[in-house]
Amino acid sequence: MRLFIIHRFKDNKIARRMLKQLSKNLSLQLKPIFLDSSVGDRWKVAAEQAIYESEAVIIFNPESCYESENAKWEIEKAKVAQKEIIEFHQNGENQAGIARLISVYDFKDEFEMCFSSSENDKFELYRIMIDSSEQLIQRRQVTNAFFITVIGSLLAFAGLLVQTGTINGDALWILYVFLVIGLLLCNSWRNLIDNYGKLNKAKFDVILRLESDLSARIYSAEWIALGKGLRPNKYKSFTSTEKNVPFYFGLLIIVLMVILVAWHISRYF
């Protein structure tokens, strides 16, 4: 998350430490932008561009910033750019600022703005989202089957070439190519599973939000019955389980590559 930081030069180090600690404590990926306003007019051009490119603007120690003409200019530019402005104080409670930062980071306000239709429309959208989620599960299964088939066939073909003696001597590099391709496929497979998991979570966030306006909340009840994902003995994420499959395939390929390298070296001793 890109944040433009409006601050006084004397507060620079303190602001950096605070944001670094916040990023660590809240598990947020923050990319604060600090600019030095002492470089003349070039600073204004860079500041205006950075403000427009940021997701939110933080004013660190507002009382001190409003005493600076440069800081006030940055604040006005942030307002013109219609950026979310969040205030943080060096000494004092920052709970409101932290809550606002988390809300902006998670796009909570924008998420809520998407739900303004009538209850009848929401039920139809609810049905569409459930169908979409089921189709996503089917696509995941097809993807898994595809990678298992391709990687399995690749290893089987390489094994067949070795068994029949088709590959030997200087042609062994072909086996290395097969194994490297297998590792790349495993990495792509794992990334796809991870993205499918994130997409499915987003779909269920929408489903559960739509349910909150309906008389019955069956998926919410099911999630509660499963311990809300906090009880591993009741429920373990499909994504975390599926990601083990490409991992073990990749581990197998690495073992085969080590054996091949060891055998290749032994031929010269």
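We did not get these values from a lab; they are worked out from the coordinates using the rules stated. Predicted model, so just to flag it, every value in this text is computed and none were measured. Backbone-built Cβ (ideal geometry, glycine too); neighbour counts: all protein chains shown.
Just a few scattered comments:
- Region 119-266: relative contact order in percent, alpha carbon pairs under 8 Å with at least 6 residues between: 32
- Oblate is the label for region 197-243, because a/c, from the alpha-carbon gyration tensor with a ≥ b ≥ c as root eigenvalues, is 1.5 or above and a/b does not exceed b/c.
- Cα shape, the chain, gyration tensor, a/c 1.5 rule: oblate
- For C65, C114, the sequence from fewest to most other C-beta atoms within 10 Å is C114, C65.
- K198 paired with R217, simple spin-label distance in nm, labels 7 Å along Cα-to-beta-carbon: 2.7
- Annotation: lysines with alpha-carbon distance below 27 angstrom to K79 (same-chain offsets under eight excluded): K10, K13, K20, K31, K44, K108.
- Using R0 = 35 Å, the C-beta based FRET efficiency linking L226 and Q29 works out to 0.75.
- Fully extending the segment from R127 to H89 would add 9.1 nm, taking 0.36 nm per residue of separation and subtracting the current Cα-Cα distance.
- Helix-derived mean residue ellipticity, 222 nm - over the chain, DSSP H n ≥ 4, -39500 (n - 2.57), to 500: -22500 deg cm²/dmol
- Longest stretch of the chain clear of exposed loop sites (trypsin sites (Lys or Arg not before Pro), DSSP loop, at most 11 other Cβ atoms within 10 Å, sites excluded): 1-233.
- Under 12 Å from K203, Cα to Cα: aspartates and glutamates that are on another chain or at least 8 residues apart: D131, E134
- Computed over the chain: relative contact order in percent, which uses C-alpha pairs under 8 Å that are six or more apart: 14
- Taking 0.36 nm per residue of sequence separation and removing the Cα-Cα distance, the T166/V180 pair yields an extension gain of 3.1 nm.
- Dipole magnitude of the chain about its Cα centre (Cβ charges: Lys, Arg +1; Asp, Glu -1), debye to nearest 20: 1020
- Taking each residue as 0.36 nm, the span from Y248 to D11 lengthens on full extension beyond its C-alpha to C-alpha distance by 80.3 nm.
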